[in-house]
Amino acid sequence: MYELHIANKSYSSWSLRPWLLLSELDIPFHERLVSFASGPGLNWKAFRAFSPNGRVPCLRDGDMVVWDSLAIAEYLAERHPGVWPSDAKARAWARCAAAEMHSGFGPLRSHCPMICGLRIRLSEDLPPSLRADIARIDELWSEGLTRFGGPFLAGKAFGAVDAFFAPVAFRIQTYDLTLGDAATAYAQRLRDLPGLRRWYAEALLESWRDPTHEDEAKQVGTLLEDLRAPVD
Ligand SMILES: N[C@@H](CCC(=O)N[C@@H](CS)C(=O)NCC(=O)O)C(=O)O
């Protein structure tokens, strides 16, 4: 059976993507969660035990090791139906959108880190680059939902492109990001998926805190609520 190495569910947005894809497509796998560590170089040291680039996620399939979320999605696509849409145009669009997420949205990722259990009120004076990322998410999601008819980004079925944007659905909830009606409803649809509900519930139980991510989140606004289990 596949083994998927991931890190803390509160924080590890890259881990979430293949985890949700496997879960929603009902592909059996063993989850191997290794916590992030506090301290320079410690993650690399810990994750290097199973992942060539010292990062998560990393999939193991027998003696095959596949690292990086996008490569994992492609590896799974060669073995299982449903990872990408069967329609060629929808498939090309889904790959473009997932690739754009994979290589872009730096301001959104750094100013609004994924911390599932927090609720933060954003400051009024948001960096223009963050505003631009939010506007682009809105535009991209609305385009996919309109063009392929929903309820998922590239059509009727959930697939890799939706998994790639799942962490954004949590960020919308945490930072109360304002998007148009179609995009807002889509984010809720993602959060209602059984897999994403499970990830969220398990994230709230985690009691380890990453000081860097916690500081980043508090710099962008005011902490309203922390729904997580108390710190150890
Ligand atoms: N491009 C990689 C990014 C992987 C990545 O940066 N993962 C983070 C966790 S979400 C990590 O392992 N960080 C370890 C570190 O920063 O030391 C992917 O798509 O999988």
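Observations
- Inter-centroid distance (Cα atoms) of segment 67-140 relative to segment 30-45, Å: 23 Å
- Percent RCO, i.e. relative contact order, over segment 114-224, from Cα pairs under 8 Å lying at least 6 residues apart: 44 percent
- Cα gyration tensor category, rounded, prolate or oblate, for segment 2-77 with a/c compared to 1.5: prolate
- Cα shape, segment 88-199, gyration tensor, a/c 1.5 rule: prolate
- The chain: C-alpha gyration tensor shape, a/c 1.5 cut-off, then a/b vs b/c: oblate
- Across the chain, the relative contact order, built from alpha-carbon pairs under 8 Å that are at least six residues apart, equals 25 percent.
- Cβ crowding within 10 Å, taken as a proxy for footprinting-reagent exposure, orders 200, 175 from fewest neighbours to most as 200, 175.
- Here the peptides 26-34, 145-153, 203-211 are ranked by packing, the mean other Cβ count within 10 Å, and the order with the highest first is 145-153, 203-211, 26-34.
- Set of lysines with alpha-carbon distance to residue 156 below 25 Å, sequence-local pairs under 8 removed: 89
- Mean separation of Cα contacts under 8 Å (6+ apart) over length of segment 46-171, as relative contact order %: 24 percent
- Burial ordering of 1, 114, fewest other beta-carbon atoms within 10 Å first: 1, 114
- In order through segment 122-139: 3J(HN,Hα) via Karplus (6.51 cos²θ - 1.76 cosθ + 1.60), integer Hz, x for Gly, Pro: 5, 5, 5, 8, 6, x, x, 5, 6, 4, 5, 5, 5, 5, 5, 4, 4, 4
Here, each number is a calculation from the coordinates, and none is a lab measurement. Fair warning: this is a prediction, and the values are worked out from it, not measured in the lab. Virtual Cβ from ideal backbone geometry, glycine too; neighbours counted across all protein chains shown.
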